[in-house]
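One structure is given here, and the rest of the page talks about it.
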Amino acid sequence: MSFIKNQIFKFAKSQGIKAGIVPVKTPENEKSRVEEVNRLGILNKDLERDRRFNNITQIAAYLTDCPKSSINILDDKFQITKGNYGFNVLQSTLFEQAPRDITLCQYILETPKEQLIINDIDLDVRTKNMKNMVIAPELRFYAGSPLITSKGFTIGTLCVMDKKPGKLEHFQAEGLRLLADQVISFCEIDYQNSNETNDENINTIKNSDVNLEANYFSSASILFTDFIGFTKITETIEPGELIATLDEFFIGFDKICKKYKIKKVKTIGDSYMAVGGVPEGYPDHPKQICLAALDIAEFVNGMNIQRKVLGKEPWKIRIGVHTGPIIAGNSGENFDIWGDSVNIASRIESSGEEGKVHISNATFKFIEEICDSESRGDIELKNKGSMKTYFLNSLN
């Protein structure tokens with residue numbers, strides 16, 4: 001850092017303290033997170049001379065109707081702007097490197113897997129004191145999507161800004177997320193290319209390891225099902241018939257998932273788990289998994305009609321769907337998924353009702369214009385607090 005920039009840095013940090021800005025708490029994984037920044041070597045890259053990244057900041061501004069956008073990397077002390085759109089030369093110079101403790105982007109580290117949207121900077125409790133700084137940027141609206149690497153670390157943001165308060169529509173927030181994913185995709189590709197070897201055998205081994213390695217996906221849709229009163233069922237049915245009946249249901253579920261390009265994860269007892277959007281990243285995975293859920297409900301209903309004809313008790317099912325970020329990959333020889341979104345999907349399922357497809361608000365936002373649904377309002381999910389959910393009746 002040059003002498004002048006060092007003086008500006010010290011002045012800006014002291015201004016932040018005087019203004020009453022409260023820095024974000026240091027993440028528990030900070031050391032590993034900073035190592036990930038260094039692994040990709042992004043701080044040493046000149047992204048402003050790379051058309052790929054320039055296109056992304058420009059598209060982000062157009063998409064959100066904001067005059068400014070930037071790609072910002074967060075290390076342990078600084079926010080480093082690696083590319084921007086809508087900034088003049090003076091602004092680009094002043095904010096090229098800033099103390100992390102006085103930036104808007106720092107607050108992404110509080111919830112590193114979620115977008116940070118501040119509709120009015122002057123009113124938000126975290127940022128309202130920023131206007132008191134002498135060198136405060138004239139901004140009122142901020143929206144940032146986390147830059148999350150394949151290893152699941154948030155290393156910065158793709159953000160948009162405006163001088164007036166604002167908000168993002170769902171499609172704009174989703175578009176910003178996809179662009180942030182693209183930033184990381186380019187960085188990961190550049191990293192892989194810079195570490196290529198001419199040894200074909202080593203490349204083969206490396207590629208095999210990549211296939212087994214767990215990766216972060218910023219958006220996926222998770223489906224859970226289970227049979228109500230299964231424990232009681234196991235007490236009143238022969239083991240052979242129990243296994244045969246489960247197989248009959250699960251084979252049907254497998255066919256439905258295949259139809260909608262949904263990947264089966266596993267079965268645990270009477271619970272069936274599947275995921276959409278992984279690994280191919282199909283953009284319509286919320287719709288496809290909801291169609292699969294509706295088909296599963298219809299399939300079970302049909303099977304139960306047959307069971308009644310045969311004088312057997314019906315197997316009543318609950319189905320839950322949630323959309324959110326996950327980590328997915330192979331654990332040993334088996335594919336699996338992890339993350340808070342998986343837990344939420346499980347809670348959505350267990351708080352559902354017989355024969356109904358219970359979906360989270362996050363999933364609903366993707367399909368609200370093409371679905372017939374019934375709002376449940378806010379319901380309490382075990383260990384997750386209150387969440388708005390819906391019963392899905394049909395999709396157009």
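Restricting to the stretch 370-383, name every residue that is part of a loop (DSSP other than H, G, I, E, B) and either within 20 Å of Pro325 (Cα to Cα) or modelled with pLDDT under 95 (or both). Steps first, please.
First, pick out the residues of the stretch 370-383 that are part of a loop (DSSP other than H, G, I, E, B): 370, 382-383.
Correct list: Lys382, Asn383.
From Ile148, Ile102, grab the single residue that is at pLDDT below 95 and assigned by TED's automatic domain parsing to the domain that holds Ile56.
After applying the criteria, what remains is Ile102.
For beta carbons closer than 8 Å, sequence separation of 6+ or different chains, a first residue in the stretch 295-318 that is under 22 Å from Thr231 (Cα atoms) and a second that is among the polar types (S, T, N, Q) and not in a loop (DSSP other than H, G, I, E, B), the qualifying pairs are Ile296/Thr225; Pro314/Asn304; Trp315/Thr245; Trp315/Asn304; Lys316/Asn304; Ile317/Thr225; Arg318/Thr225; Arg318/Ser350.
Within the stretch 176-205, residues that are within 16 Å of Thr149 (Cβ to Cβ) and among the aromatic types (Phe, Trp, Tyr) have Cβ atoms under 6 Å from residues that are modelled with pLDDT under 95 and surrounded by 11 or more Cβ atoms within 10 Å (Cβ to Cβ) in these pairs: Phe186/Arg52; Tyr191/Leu40, counting only partners at least 6 apart in sequence or on another chain. Restricting to the stretch 263-299, give me the number of residues that are buried (at least 23 other Cβ atoms within 10 Å of the Cβ), modelled with pLDDT of 95 or more and not in a helix (DSSP H, G or I). Residues that pass the stated criteria total 4. Count of the stretch 156-171 residues, restricted to those that are crowded, with 24+ Cβ neighbours inside 10 Å and under 24 Å from Pro283 (Cα atoms), is 5. Of all the residues in the stretch 277-288, those that are touching a Phe, Trp or Tyr at 6+ places or on another chain (Cβ under 7 Å) and either under 20 Å from Ile327 (Cβ atoms) or without any contact (Cβ under 8 Å) to a residue 12 or more places away in the chain (or both) number 3.
Does Lys356 fit the bill of being touching a residue at least 24 places away in the same chain (Cβ under 8 Å), surrounded by fewer than 15 Cβ atoms within 10 Å (Cβ to Cβ) and not aliphatic (A, V, I, L, M)? When the stated conditions are applied, Lys356 does not pass them.
Looking at Thr197, is it touching a helix residue (DSSP H, G or I) at 6+ places or on another chain (Cβ under 8 Å) and at pLDDT 95 or above? Walk me through how you get there before you give the answer.
Values: touching a helix residue (DSSP H, G or I) at 6+ places or on another chain (Cβ under 8 Å): yes; at pLDDT 95 or above: no.
Against the criterion (touching a helix residue (DSSP H, G or I) at 6+ places or on another chain (Cβ under 8 Å) and at pLDDT 95 or above), Thr197 does not qualify.
Residue by residue through the stretch 328-373, note down the ones that are over 28 Å from Ala214 (Cα atoms), in contact with a helix residue (DSSP H, G or I) (Cβ under 8 Å, 6 or more places away or on another chain) and among the small types (Gly, Ala, Ser). Across the stretch 328-373, the qualifying residues are Gly355, Ser373. Taken residue by residue, the stretch 74-92 has at least one member that is closer than 17 Å to Glu48 by Cβ, crowded, with 20+ Cβ neighbours inside 10 Å and out of contact with any Ser or Thr (no Cβ under 6 Å at 6 or more places or on another chain).
Being crowded, with 19+ Cβ neighbours inside 10 Å and either farther than 24 Å from Glu114 by Cβ or basic (Lys, Arg) (or both) is a description that does not apply to Ile348.
Is it fair to say Ile118 is within 22 Å of Val24 (Cα to Cα), crowded, with 16+ Cβ neighbours inside 10 Å and in contact with a Gly (Cβ under 7 Å, 6 or more places away or on another chain)?
Numbers: within 22 Å of Val24 (Cα to Cα): yes; crowded, with 16+ Cβ neighbours inside 10 Å: yes; in contact with a Gly (Cβ under 7 Å, 6 or more places away or on another chain): no.
So Ile118 does not fit the description; no.
Determine, yes or no, whether Ile189 is assigned by TED's automatic domain parsing to the domain that holds Pro67, under 15 Å from Val37 (Cα atoms) and crowded, with 20+ Cβ neighbours inside 10 Å. When the stated conditions are applied, Ile189 does not pass them.
The values are calculated or read from the model by the stated rules, or taken from the named source; none is laboratory data. Not measured: the values here are computed from a predicted model. In this analysis, Cβ positions are derived from the backbone assuming ideal geometry, glycine residues included, and neighbour counts consider all displayed protein chains.
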